[in-house]
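Everything below concerns the one structure shown next.
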Amino acid sequence: MKQKKTDPVAQEPAIDTPQETPEVQGEVEETAVDWQSQCIQAEAQRDEYLAMAQRVQADFDNYRRRNQSARAEAFEDGAAAFIKTILPVCDNLERALAAQTNDATLTDGVSLVLRQLNEALEKRGVTAINRTGEPFDPTLEDAVAQAAAEEGEPGTVAEVLLKGYKMGDNVLRHAMVRVVP
């Protein structure tokens, strides 16, 4: 007997596609709603984390600015403290120049050292307070003696006995002055 050739594709059983029933359709809708709510929760959590990261970044930027400011202030305070210790050296060099001596090389050497020291102080913003003839200012000067009335107008500085110094707006040392009463 002869066998018939059969088509292999035709022999495979047909796959039944399930018909969506109302129950299956309800489950699909519930799953979709679940996914939507999970997406909304994930977006809310993402926004929360982003806001938290932005706050942390802002806090760190503020910390860095405060730290830089504190470091700069500490450096200036240290420089001012060091300069205060150097001011008596300037005074002594000026006294050495004012003293009478026959040694010209010594006078020239002291003069050069004093000039170099004054230039270094000027580079740091240190200026001398010399207000002879100007009205007395207690924020810049200490009145340590009274001058005669003939030496100027009342309330003015007649003579600076010891120079004062400022660094920017900060007074490092008040000038000691004689004031006309």
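The values are calculated or read from the model by the stated rules, or taken from the named source; none is laboratory data. From a predicted model like this one, the values you see are computed outputs, not experimental measurements. Note that each Cβ is placed from the backbone with ideal geometry, even for glycine, and that neighbours are counted across all protein chains shown.
The one condition from (1) out of contact with any strand residue (DSSP E or B) (no Cβ under 8 Å at 6 or more places or on another chain); (2) among the acidic types (Asp, Glu); (3) closer than 16 Å to Arg173 by Cα that Glu94 does not meet is (3).
Exactly one residue out of Asp137, Asp142, Asp91 is under 35 Å from the mean Cα position of the chain (by Cα), surrounded by 12 or more Cβ atoms within 10 Å (Cβ to Cβ) and touching a residue at least 60 places away in the same chain (Cβ under 8 Å), and it is Asp91. A single entry from Val157, Val177, Val171, Val144 fulfils the requirement of being in contact with a Ser or Thr (Cβ under 6 Å, 6 or more places away or on another chain) and in a strand (DSSP E or B): Val157.
Scan segment 112-128 and tell me whether some residue there is in a loop (DSSP other than H, G, I, E, B) and crowded, with 17+ Cβ neighbours inside 10 Å. For segment 112-128, residues in a loop (DSSP other than H, G, I, E, B) and crowded, with 17+ Cβ neighbours inside 10 Å: absent.
Does Ala80 satisfy being modelled with pLDDT of 90 or more and touching a Leu at 6+ places or on another chain (Cβ under 7 Å)?
Yes: the conditions hold for Ala80.
Summed over segment 155-181, the residues that are over 37 Å from the mean Cα position of the chain (by Cα) and either among the basic types (Lys, Arg) or under 19 Å from Glu76 (Cα atoms) (or both) give a count of 1. What are the residues in segment 94-113 that are touching a residue at least 12 places away in the same chain (Cβ under 8 Å) and more than 17 Å from Leu162 (Cβ to Cβ), if any? Selection gives Val110, Ser111, Val113. Among the residues of segment 55-76, is any free of Cβ contacts under 8 Å to residues at least 60 places away in the same chain and among the β-branched types (Val, Ile, Thr)? Yes.
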